[in-house]
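The values are calculated or read from the model by the stated rules, or taken from the named source; none is laboratory data. Predicted, not measured: the structure shown is a model, and the values here were computed from it. When we count neighbours, we look across all protein chains shown, and the Cβ atoms used for this are built from the backbone with ideal geometry, even at glycine.
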Amino acid sequence: MNSKITNINRFLIRVYFGEIKNDNLLENKIQIAINKAYLDFCRTLHEFSKEKEHDDILVDSKLYLKNKILELTKEQKPNQNFYDNWHRQTCDNIIKFFPLTKNYFHYGQAQKWINMTLKYLFVLEVSELNNMLAFLHVPIDNIILDKLKNRQMDYPKFETPWSKIDNYDKYINFQKWLRGQFPNQIPMDTEFKLWME
């Protein structure tokens with residue numbers, strides 16, 4: 001039965017993520033997760049597809065994110081403070097890849113890209129990140145906000161749609177609030193449960 005479940009899991013992963021090559025397996029999984037996560041929010045990048053340097057910006061920002069995640073795999077003794085600082089720095093730097101004068105890219109999009117990438121890496125069973133699981137952030141999007149609203153939870157509101165969150169302090173305050181509401185759960189476990197409701 002276990003081999004049947006394993007084959008079913010492999011099939012579902014291949015259908016959802018595509019083929020994962022075994023050479024440089026870790027890097028291939030990270031790249032696949034980054035690409036899939038980008039598709040989760042790219043519809044919010046209005047007019048970005050018309051940007052003259054669109055392709056170069058994507059290549060450079062994806063490479064940066066991959067290298068930052070590879071850094072995480074090497075961290076031996078992470079804690080929440082370490083991860084929160086890593087996350088903020090990574091958001092700040094990803095935003096800088098996009099033309100600031102065009103106002104394409106915000107913390108809302110950066111957090112979604114990073115958080116969904118890491119979520120997908122756990123689905124892809126990247127064991128090199130197991131020591132980070134307890135510290136990861138919940139991806140903020142309409143689904144999670146609606147689930148909290150359905151539970152009649154008085155969560156910290158944003159003045160903009162999630163994709164346009166432009167203040168990291170407001171973003172991290174939401175994450176801290178969520179951790180406080182579910183104190184005995186790993187945030188990603190909370191997210192999986194909320195998402196499945």
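Observations
- Among the residues making up segment 161-181, a single one is among the β-branched types (Val, Ile, Thr) and either buried (at least 20 other Cβ atoms within 10 Å of the Cβ) or outside any helix (DSSP H, G or I) (or both): Ile165.
- Flag for Cys91 being out of contact with any His (no Cβ under 8 Å at 6 or more places or on another chain) and under 22 Å from Gly18 (Cβ atoms): no
- Test: residue in segment 132-152 that is within 28 Å of Lys74 (Cβ to Cβ) and surrounded by fewer than 13 Cβ atoms within 10 Å (Cβ to Cβ): no
- Extreme residue, nearest to Trp113 (Cα to Cα), among residues of segment 28-48 that are more than 12 Å from the chain's Cα centre (by Cα) and in a helix (DSSP H, G or I): Cys42
- When Tyr16, Tyr107, Tyr38, Tyr64 are checked against the criterion of being farther than 29 Å from Lys176 by Cβ and hydroxyl-bearing (Ser, Thr, Tyr), Tyr16 stands alone in meeting it.
- Subset of segment 62-73 [of a type in the set (A, V, I, L, M, F, W, C) and either closer than 15 Å to Asp166 by Cα or surrounded by 17 or more Cβ atoms within 10 Å (Cβ to Cβ) (or both)]: Leu65, Ile69, Leu72
- When restricted to residues that are in a helix (DSSP H, G or I) and without any contact (Cβ under 8 Å) to a residue 40 or more places away in the chain, segment 49-85 contains 19.
- Test: residue in segment 121-135 that is touching a helix residue (DSSP H, G or I) at 6+ places or on another chain (Cβ under 6 Å) and farther than 27 Å from Asn22 by Cα: yes
- Test: residue in segment 149-160 that is in a helix (DSSP H, G or I) and under 13 Å from the mean Cα position of the chain (by Cα): no
- Ile8 vs. criteria under 15 Å from the mean Cα position of the chain (by Cα), of a type outside the set (Phe, Trp, Tyr) and within 15 Å of Glu125 (Cα to Cα): no
- Filtering segment 96-113 to residues that are of a type in the set (A, V, I, L, M, F, W, C), in contact (Cβ under 8 Å) with a residue 60 or more places away in the chain and outside any loop (DSSP other than H, G, I, E, B) leaves only Trp113.
- Failed criterion for Gln76 (all others in (1) closer than 30 Å to Asn184 by Cα; (2) surrounded by fewer than 19 Cβ atoms within 10 Å (Cβ to Cβ); (3) in contact with a Gly (Cβ under 9 Å, 6 or more places away or on another chain) hold): (3)
- Applying the criterion of being farther than 17 Å from Asn173 by Cα and crowded, with 18+ Cβ neighbours inside 10 Å to the residues of segment 79-95, the residue that is modelled with the lowest pLDDT is Ile95.
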